[in-house]
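Data block below; observations after.
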Amino acid sequence: VVHEWYDPLYRFAWSLCRDPDDALDLTQNTFHKLATRGDGIRDLTKVKSWLFSVLHRDFLDQYRRDRRFPSTTLELVPEPVADGAAPPGRGEDTAAMLRALAGMEEKFRAPLTLFYMQSFSYKDIAEVLDIPMGTVMSRLRRAKDRLRERLESGAAGGGDTLPFRKEANNG
């Protein structure tokens, strides 16, 4: 299970928190919970959803805790990001898309990441995020529209713009 799901879980965690160390912590904590509480999973086909649900809940708990008790750091110069910390991508278009995605609210970023980067179904996303399937579909639609707007306007950071063709069905 660890071999099969470690990389996808890490990429999902990274897309949520945008910090390699926090993503590693979330991933490690998820597998720790699997080791200590995983015997309660009777249907092994549900492991994927269980892992992503646990990771997402832990992220939300940490996010709420950080908002309630903000911390300050004494470091003035950020450390360079380690090689391989970011999810694999190709070219400037991918970098612009990832910057635009990172700037989105979590409620839109999580469904997009699960659907496009992890190939989750609507049903699985609804289960992981603990929201109705209709909400998943509407958030995906709104998230894609917002992502497209950010990329077309250059709001992704660094003045990145990507051209999009307007088509009848551009899903």
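The values are calculated or read from the model by the stated rules, or taken from the named source; none is laboratory data. Values in this document were obtained by computation on a predicted structure and should not be read as measured data. Here the Cβ is made from the backbone with ideal geometry for all residues, glycine too, and neighbour counts use every protein chain on show. In case anyone asks, the SASA skips ligands and DNA or RNA and just uses the protein heavy atoms, side chains included. Shrake-Rupley method; radii C 1.70, N 1.55, O 1.52, S 1.80 Å.
For this structure, a couple of remarks:
- Elements of the type helices (runs of 4 or more DSSP H) sitting completely within region 1-91 and holding at least 1 residues that are modelled with pLDDT under 85 and open to solvent by 100 Å² or more (accessible area, probe 1.4 Å): these cover 20-37, 47-68.
- Among the residues of region 120-171, those identified as part of a loop (DSSP other than H, G, I, E, B) and either closer than 13 Å to residue 49 by Cβ or modelled with pLDDT of 90 or more (or both) are 120, 121, 130, 131, 132.
- The residues on offer are 125, 131, and the sole one that is out of contact with any Leu (no Cβ under 8 Å at 6 or more places or on another chain) and not acidic (Asp, Glu) is 131.
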